[in-house]
Amino acid sequence: MAERGLVHIMAAHSPLSAILAEEAGFDGLWASGFELSALYGLPDVSLISMTQHLDMVRAMGEQSSLPIIADIDTGFGNAINVIHAVKQYGRAGAAAVVIEDKTYPKVTSLVAGGRQELLRIEEFQGKIRAAIAAKSDPDFLVIARTEALIAGLGEAEALKRAASYEAAGADMILIHSKQKTPDEVESFVRAWEGKAPVVIVPTAYPEMNEARIKALIKIAIVIYGNHAIRAAVTAMQDVFARVLRDRGIHNVNKDIVPVEEIFRLQKMDQVKADEKRFLA
């Protein structure tokens with residue numbers, strides 16, 4: 001952020017998607033709880049355990065040099081759970097965590113009619129202070145995510161919560177919205193008087209492009225929160241349907257990457273080189 005002013009973070013749910021995001025040129029990875037839930041075929045309602053998510057963060061970090069922002073939902077419990085989580089994610093190599101101010105178990109933000117209950121401000125401040133106290137690396141970021149707009153509580157409540165979370169020590173504020181246009185988020189950012197930079201996830205309002213973001217000045221991170229899993233599903237649905245329709249792979253084969261590209265991503269050249277070097 002210090003070098004570029006605005007950084008672009010792509011969601012990932014596996015080491016392979018992390019590799020592809022890095023090769024594409026993104027600045028960092030979003031270890032998405034939504035995407036990992038979808039990978040397991042589960043709804044994003046706090047069914048994925050911290051161990052499952054943490055293992056995936058560690059696996060992604062082993063295959064990518066990009067900084068990882070870990071989406072830890074509500075922190076897996078109360079402030080005591082947050083302390084444990086932050087220590088574990090720091091050891092796993094995450095560069096930041098995002099904690100949201102919903103009650104546990106959470107319901108994913110963008111689903112129509114979903115339960116969106118928020119914690120008391122004072123309780124969530126305790127979680128932020130716990131996260132700050134637990135981190136061992138001064139560069140590790142604690143990002144506070146307010147769901148006030150998602151819950152329909154309005155801009156005034158969102159600003160109040162954001163200010164309270166910054167006062168508790170949050171390094172950045174993530175503001176989320178399910179409106180189909182950027183107006184609600186843009187209004188929040190213009191009204192925001194805190195020093196903490198803002199993070200946005202423009203999934204519901206895709207016309208929020210870089211030029212529009214930079215015009216607001218206060219936004220430092222844009223997260224593309226679920227596009228890896230959506231792209232994967234789009235491609236697989238298309239290919240699977242074509243194979244069945246054509247009664248074979250003879251047509252679709254030319255439109256998908258060759259197996260040699262998978263070998264490249266798997267670093268098979270390095271394996272062959274190591275075999276020559278070390279196997280008698």
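The values are calculated or read from the model by the stated rules, or taken from the named source; none is laboratory data. These numbers were taken from a predicted model, which means no experiment stands behind them. Note: ideal-geometry Cβ built from the backbone for every residue, glycine included; neighbour counts use all protein chains shown. Remember, those area values only see protein heavy atoms, side chains included, never the ligands or the DNA or RNA. Shrake-Rupley method; radii C 1.70, N 1.55, O 1.52, S 1.80 Å.
With n ≥ 4 as the cut-off for DSSP H runs, can you work out [θ] at 222 nm for the chain, using -39500 (n - 2.57) per run divided by the number of residues, rounded to the nearest 500? Walk me through the numbers on the way to the answer.
On the way: 11 runs with 125 residues, N = 280.
Counting only the DSSP helices, I get -13500 deg cm²/dmol.
With the full set of protein chains in place, find how many percent of the accessible area of the chain is carbon and sulfur; take the probe as 1.4 Å.
Numbers: 7910 of 14090 Å².
Whole-percent figure for carbon plus sulfur exposure: 56.
Which of these, 149, 110, 265, has the largest mean-square fluctuation under a Gaussian network model of the chain (Cα springs below 10 Å)?
265
Please list the non-local residues whose amide H lies under 5 Å from the amide H of residue 7, H modeled 1.01 Å from N, same-chain partners needing a gap of 5 or more.
221, 222
Once you've got the Cα coordinates, tell me which of 102/135; 106/178; 102/127; 102/178; 87/135 are over 18 Å apart.
Numbers: 102/135 22 Å; 106/178 16 Å; 102/127 12 Å; 102/178 15 Å; 87/135 6 Å.
In this structure, 102/135 lie more than 18 Å apart at Cα.
Which one, 141, 204, 256, projects farthest toward the positive side of the charge dipole computed for segment 122-280 from Cβ point charges (K/R +1, D/E -1)?
256
Whole-Hz ³J(HN,Hα) for each residue in segment 247-255, computed from phi via Karplus 6.51 cos²θ - 1.76 cosθ + 1.60 with θ = phi - 60°, x for glycine and proline: what do you get?
6, x, 9, 5, 8, 6, 4, 6, 9
At a Förster radius of 30 Å, what calculated FRET efficiency corresponds to the Cβ-Cβ distance of residue 23 and residue 209, to the nearest 0.05?
On the way: r = 22 Å, r/R0 = 0.74.
About 0.85, to the nearest 0.05.
Give a residue-ordered list of calculated ³J(HN,Hα) values for segment 200-212 (Karplus: 6.51 cos²θ - 1.76 cosθ + 1.60, θ = phi - 60°; whole Hz; x for Gly, Pro).
Residue by residue, segment 200-212 yields 10, 10, x, 4, 7, 10, x, 6, 6, 8, 4, 4, 5 Hz.
Per residue, how much accessible surface does segment 1-152 expose to a 1.4 Å probe? Answer in Å², no decimals.
Values: 6300 Å² over 152 residues.
That works out to 41 Å² for each residue.
At 1.4 Å probe size, with every protein chain present, just tell me what the per residue accessible area of segment 186-265 comes to in Å². Mind showing how you got there, number by number?
On the way: 4840 Å² over 80 residues.
So segment 186-265 comes to 61 Å² accessible per residue, rounded to a whole number.
Roughly speaking, what is the stretch gain from residue 59 to residue 153, that is 0.36 nm per residue apart minus the C-alpha to C-alpha distance, in nm to one decimal?
Values: separation 94, 0.36 × 94 = 33.84 nm, distance 3.77 nm.
Additional length available on full extension: 30.1 nm.
Only Lys, Arg, Asp and Glu count, each charged at its Cβ (+1, +1, -1, -1), so figure out the dipole size of segment 28-120 about its Cα centre, rounded to 20 debye. Let's see the in-between values first.
Working: 7 positive and 9 negative charges, 47 e Å.
The dipole magnitude comes to about 220 debye.
Express in whole angstrom the spacing between the alpha-carbon centres of segment 148-196 and segment 251-280.
For segment 148-196 versus segment 251-280, the Cα centre distance is 46 Å.
If you take every DSSP beta bridge fully contained in the chain, what fraction is antiparallel? Give it as a percent rounded to 5.
Close to 5 percent.
Hey, any idea what the orientation-averaged projected area of the convex hull of segment 94-222's Cα atoms comes to, in nm²? It would help to have the intermediate numbers written out before the result.
Numbers: hull surface 30.7 nm².
Approximately 7.7 nm², given one-decimal rounding.
Can you compute the charge dipole magnitude of the chain about its Cα centre, using +1 on each Lys and Arg Cβ and -1 on each Asp and Glu Cβ, nothing else charged? Give it in debye, rounded to the nearest 20. Please report the intermediate quantities before stating the final value.
Values: 31 positive and 36 negative charges, 52 e Å.
It comes to approximately 260 debye.
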